[in-house]
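Heads up: the structure comes next, in structure tokens.
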Amino acid sequence: MANTKSAAKRARQTERRTLVNKRVTSRVKTELKKVRSAITEGGKAAAQAAASAFTSAIDKAVRTGQIHKNKANRHKATLSKQVAALK
């Protein structure tokens, strides 16, 4: 429990930020799962659409500092190669 007003305020801010962070990372993980399932099912159009949504979600996560930009670029490059390899 917080002993001062400022500590109580920090605790409230942390709770709010934690919820936002969870929402962003959850969205990224969900979009990643959608891309991977579209790749395994073999639909190139569906995989491209899912990859586009994933790219948008992960770029937003990078902008807010949730994910490091190199990690995001690595994920995007790997998935784009897999999508391009589909027939």
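Listed values, structure above:
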read-out	value
Some residue of region 37-51 being surrounded by 13 or more Cβ atoms within 10 Å (Cβ to Cβ) and closer than 23 Å to V20 by Cβ	no
Tally, over region 63-72, of residues that are assigned to a helix (DSSP H, G or I) and surrounded by fewer than 18 Cβ atoms within 10 Å (Cβ to Cβ)	4
Positions within region 39-58 being in a helix (DSSP H, G or I), in contact (Cβ under 8 Å) with a residue 24 or more places away in the chain and over 10 Å from the mean Cα position of the chain (by Cα), in sequence order	I39, K44, A47, Q48, A51
Of all residues in region 52-62 being of a type outside the set (V, I, T) and buried (at least 17 other Cβ atoms within 10 Å of the Cβ), the one that is nearest to V20 (Cα to Cα)	A61
Any pair with Cβ under 6 angstrom, 6 or more apart, that starts in region 1-28 at a residue that is surrounded by 10 or more Cβ atoms within 10 Å (Cβ to Cβ) and part of a helix (DSSP H, G or I) and ends at one that is aliphatic (A, V, I, L, M) and modelled with pLDDT of 95 or more	V24/A61; R27/A57; V28/A57; V28/I58; V28/A61
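The values are calculated or read from the model by the stated rules, or taken from the named source; none is laboratory data. Computed from a predicted model, the values in this text were never measured in an experiment. Virtual Cβ from ideal backbone geometry, glycine too; neighbours counted across all protein chains shown.
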